[in-house]
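Have a look at the structure below, then the notes.
The values are calculated or read from the model by the stated rules, or taken from the named source; none is laboratory data. Source: prediction; values computed, not measured. Neighbour counts run over all protein chains shown; Cβ positions are idealised from the backbone, glycine included.
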Amino acid sequence: MQKLLLRLTLLLGTAALLGGLGIWLGLRRGYVDAFYARFASPPARSLVLGTSRAAQGIKPDVLAAQLQRYEGPWLNYAFTLAESPYGPGYLSSIQRKLAPGTKNGLFVLAVDPWSLSLPKDVKRGKYPFLSKAGTLQRLAGGKGPVIFPEEQSMVSQLADVSQNPNLDYLAHYLRKPFYQLLLNADTAHVVERLHPNGWLEIALPPPSADTALLRRRTADKLATYRKLAANSSFSEDRYYGLLETIRFLQQHGQVVLVRLPTGAQMAELEKQYIPGFDNRMRSFTDISHVPYLNYLDQPYPTNDGNHITRQAAEQFSQRLAADIARLSN
Amino acid sequence: MVGLYYALPARWRAPLLLASSYYFYFSWRPSYTLLLAATTLLDYYSGVRMSRLGTKQQRRPWLYLSLASNLGTLFIFKYFNFFRDTAGALATALHLPYAVPVLELVLPVGVSFYTFQSVAYIVDVYQGKLAAEQKLGRFALFVAFWPQLVAGPIERGGQMLPQLRQPHEFDYDNVATGLRLMAWGMFKKVVIADRLALLANPVFNHPRQFDSLALVLAVAAFMGQIYADFSGYTDLARGAARVLGYRLVLNFRQPYLATSVGDFWRRWHMSLSNWFRDYVFIPLGGSRRSPARNYGNVLLVFLLSGLWHGASWTFVVWGALHGLYLVLENWSAPLRARLAQATGLAARPRLHRALATAATVALVAYAWIFFRANTLPDAFYISTHLVQGWGHLHLPQLQALMAGLGRHFVAELVVAVGAVAVLTAADYRAERGPVSVWLARWAAPMRWAGYLGLLLATLFCGIFGSSQFIYFQF
């Protein structure tokens with residue numbers, strides 16, 4: 001037994017040493033993916049929240065520079081529509097990411113109809129077997145609680161969201177082999193780069209450089225969202241999730257709801273999909289005194305008819321910061 | 001677990017294994033543990049009762065009861081909806097009323113494996129080939145032994161029960177061999193199988209966007225994927241059992257070096273092939289009946305084998321295709337022998353063998369299309385478009401094929417080809433004798449450098465957290 005343990009210790013120890021060294025080099029010099037840096041950064045006191053539109057469209061460093069009255073560090077903690085629509089999963093992740101003791105943070109919540117929708121055929125769970133309320137609801141023909149599609153996603157599941165290196169993320173959610181971390185050291189030729197402050201930079205050529213390509217990307221994106229619109233509807237459960245998120249964050253600072261600019265055709269699609277969306281968002285101003293800033297129809301160039309370009313993200317973040325500063329005065 | 005296992009007094013090790021096996025199953029879906037326990041209890045009791053009865057006629061009711069319990073479980077959980085849907089489609093075509101409800105049941109993991117293992121046990125006891133196990137705990141461990149509970153190998157009572165009766169002391173060679181097998185199995189799964197899946201999946205999920213080269217590459221990728229996946233799982237299972245002191249049966253013996261389809265089935269999923277041979281083919285008369293009856297038996301066995309894999313027509317066609325291959329192979333044997341003589345191939349055995357292996361691999365690969373395709377129309381599309389469109393290269397198709405590998409697809413291809421080359425070399429070496437014996441002849445520093453290389457290759461090139469083993473679904 002001793003011989004085996006000694007040999008195993010030597011073998012596994014050497015493997016761990018060399019493996020650890022390689023991964024450390026990869027994390028230090030290379031690039032992981034479009035999510036990891038947000039989970040490896042320290043807890044933040046001011047957050048940008050939402051889906052991919054906010055992830056690419058709002059630069060926290062620009063907000064931080066102009067809105068110094070709010071506590072830092074700042075982090076763009078927006079992910080994707082599949083990972084971070086409003087609901088209990090995203091809220092619990094936000095609660096884990098927010099630095100304890102935050103009193104004067106700024107929380108920019110990007111909203112759009114998609115992040116407040118659910119599939120029409122959403123699965124529903126059963127009420128707890130012994131719950132009296134559940135029994136009564138069942139008797140009254142009530143439906144079971146919604147099973148949010150993102151419940152098993154990394155944002156909902158990852159327990160430690162401020163660990164560097166985040167081994168839990170690397171072991172369970174990294175979708176590429178470790179050796180590729182070392183291949184991504186060349187920053188000059190990559191399309192996607194997640195900055196340490198959480199801003200996702202998509203380094204595509206400006207749309208004017210290839211209008212045919214932009215048209216194709218826009219058509220693809222619109223087709224995807226038309227399908228989504230046909231199979232989804234505005235969800236009161238998600239609306240309630242947003243309300244819960246606002247209530248939680250208001251205890252730690254100022255909350256602002258923002259509807260980001262997007263492509264003209266996408267904006268039109270959204271208006272058709274949920275016509276009264278802006279009114280629903282304005283209701284938060286009445287209920288919770290949360291300002292709602294709507295930039296939907298503002299003409300910013302996009303990469304794909306949905307997400308604004310990196311140059312536009314800079315301009316938009318400047319404008320957003322100026323508008324929030326005006327609100328605060 | 002292993003530390004505790006060997007730290008305990010010998011008499012407590014089997015109970016620990018039983019408890020851990022049930023905990024393993026319980027942690028997946030607690031309610032189904034009751035199903036496992038209930039069928040185990042019934043099989044145990046049937047076995048014990050049969051052991052006290054003198055004639056087969058007296059034992060028969062207990063055999064039927066046990067078979068009904070095992071095959072009934074399998075039918076309800078795995079096949080009911082398949083037959084319901086098929087009957088429904090038939091009724092609709094004939095304009096007949098049909099209203100059988102769908103059973104919304106989750107398939108118990110490993111049910112195809114542990115029910116077949118129990119059926120083998122109960123038939124062996126009925127035939128008097130095996131003494132019934134008198135200790136319930138030991139029998140329960142035979143059925144639920146965690147290393148092989150969810151995806152085999154399908155063990156036999158005669159092979160496994162004597163091992164369960166022996167004390168298992170710590171043995172360096174057993175543990176070292178087991179760990180080596182596990183490391184090799186892990187490499188096959190995360191470095192080879194999960195990487196090849198990235199090539200195969202885009203095509204099998206949207207086959208109509210592809211033809212010719214892209215389809216051929218995807219089929220070849222799946223062929224490698226399923227071998228590395230299932231044999232990788234088996235190595236992990238056999239390795240884990242070996243660490244605990246148990247020897248599970250060999251399930252794979254370099255199947256892609258087979259020289260005929262019959263030879264392939266003596267090398268691929270051997271525990272299942274042997275099960276069908278012993279409990280279906282031989283009781284049907286085996287090969288001692290007329291050629292027509294023999295061919296009919298072969299076809300039936302392979303249809304059932306296809307159905308065992310999954311309740312879908314794609315699996316049925318896959319099984320039927322293999323049955324057809326074997327029938328044609330047996331029927332054409334004299335003709336092929338004469339052809340080999342006439343062409344001079346018989347005098348060049350190495351070339352003859354290489355050609356036979358290439359033909360076998362091509363036939364097996366063609367059949368894999370039906371195994372992997374999501375629907376029967378998809379399978380027919382792929383199988384008929386493999387040979388179309390070779391006149392011109394479709395760059396967008398190849399780009400779509402490589403898209404699954406990501407931005408570093410060249411590096412990924414290099415890793416995939418390298419890893420498959422290592423697996424192929426290991427298989428060639430294994431044809432000439434056990435790899436462990438060959439490894440033992442290496443100088444110690446070389447051998448340990450090899451182990452270290454394998455671990456580091458798995459760590460750096462493995463694709464983690466993506467997919468479960470293919471055979472877990474059966």
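Side notes on the structure shown:
- Enumeration of residues in region B:143-181 that are within 12 Å of chain A (Cβ to nearest Cβ) and either under 23 Å from the mean Cα position of the chain (by Cα) or surrounded by 17 or more Cβ atoms within 10 Å (Cβ to Cβ) (or both): B:Asn174, B:Val175, B:Ala176, B:Thr177, B:Gly178, B:Leu179, B:Arg180
- Test: B:Val361 is surrounded by 20 or more Cβ atoms within 10 Å (Cβ to Cβ) and among the aliphatic types (A, V, I, L, M): no
- B:Phe139 meets each of the listed conditions (1) modelled with pLDDT under 85; (2) crowded, with 22+ Cβ neighbours inside 10 Å apart from (1).
- Of all residues making up region A:148-180, the number that are part of a helix (DSSP H, G or I) and within 14 Å of another protein chain (Cβ to nearest Cβ): 11
- All conditions in (1) in contact with a Gly (Cβ under 8 Å, 6 or more places away or on another chain); (2) at pLDDT 90 or above; (3) of a type outside the set (A, V, I, L, M, F, W, C) hold for A:Pro145, with the sole exception of (2).
- Scanning region B:90-142 for residues that are without any contact (Cβ under 8 Å) to a residue 40 or more places away in the chain and acidic (Asp, Glu) gives B:Glu104, B:Asp124.
- Of the helices (runs of 4 or more DSSP H) contained entirely in region B:213-316, those carrying at least 2 residues that are of a type in the set (Gly, Ala, Ser) fall at B:270-276, B:291-309.
- Residue within region B:422-444 that is within 13 Å of another protein chain (Cβ to nearest Cβ), over 29 Å from the mean Cα position of the chain (by Cα) and either assigned to a helix (DSSP H, G or I) or under 30 Å from B:Phe264 (Cα atoms) (or both) present: yes
- Selection within region A:73-105 - within 17 Å of A:Pro42 (Cβ to Cβ) and touching a strand residue (DSSP E or B) at 6+ places or on another chain (Cβ under 8 Å): A:Pro73, A:Trp74, A:Leu75, A:Asn76, A:Tyr77, A:Ile94, A:Lys97, A:Leu98, A:Ala99, A:Thr102, A:Gly105
- Summed over region A:167-189, residues that are of a type in the set (A, V, I, L, M, F, W, C), modelled with pLDDT under 85 and over 18 Å from B:Gly404 (Cα atoms) total 3.
- Output for region A:273-307, where each listed residue is surrounded by fewer than 20 Cβ atoms within 10 Å (Cβ to Cβ), within 16 Å of A:Ser233 (Cα to Cα) and in contact (Cβ under 8 Å) with a residue 24 or more places away in the chain: A:Ile274, A:Phe277, A:Arg280
- Any hit, region B:447-456, residues being more than 14 Å from every other protein chain (Cβ to nearest Cβ) and at pLDDT below 95: no
- Within the option set B:Ala7, B:Ala87, B:Ala93, B:Ala14, being within 14 Å of another protein chain (Cβ to nearest Cβ) and at pLDDT below 95 holds for one residue only, B:Ala7.
- Pairs with Cβ under 8 Å, 6+ apart, first in region B:432-445 and in the same structural domain as B:Gly185 (by TED's automatic domain parsing) and closer than 18 Å to B:Val422 by Cα, second hydroxyl-bearing (Ser, Thr, Tyr) and modelled with pLDDT under 90: none
- Any chance B:Ala411 is of a type outside the set (Val, Ile, Thr), in contact (Cβ under 8 Å) with a residue 12 or more places away in the chain and either within 14 Å of chain A (Cβ to nearest Cβ) or within 30 Å of B:Gly178 (Cβ to Cβ) (or both): no
- Within region A:1-27, residues that are touching a residue at least 12 places away in the same chain (Cβ under 8 Å) and surrounded by 15 or more Cβ atoms within 10 Å (Cβ to Cβ) have Cβ atoms under 6 Å from residues that are among the hydrophobic types (A, V, I, L, M, F, W, C) and not in a helix (DSSP H, G or I) in these pairs: A:Ile23/A:Phe178, counting only partners at least 6 apart in sequence or on another chain.
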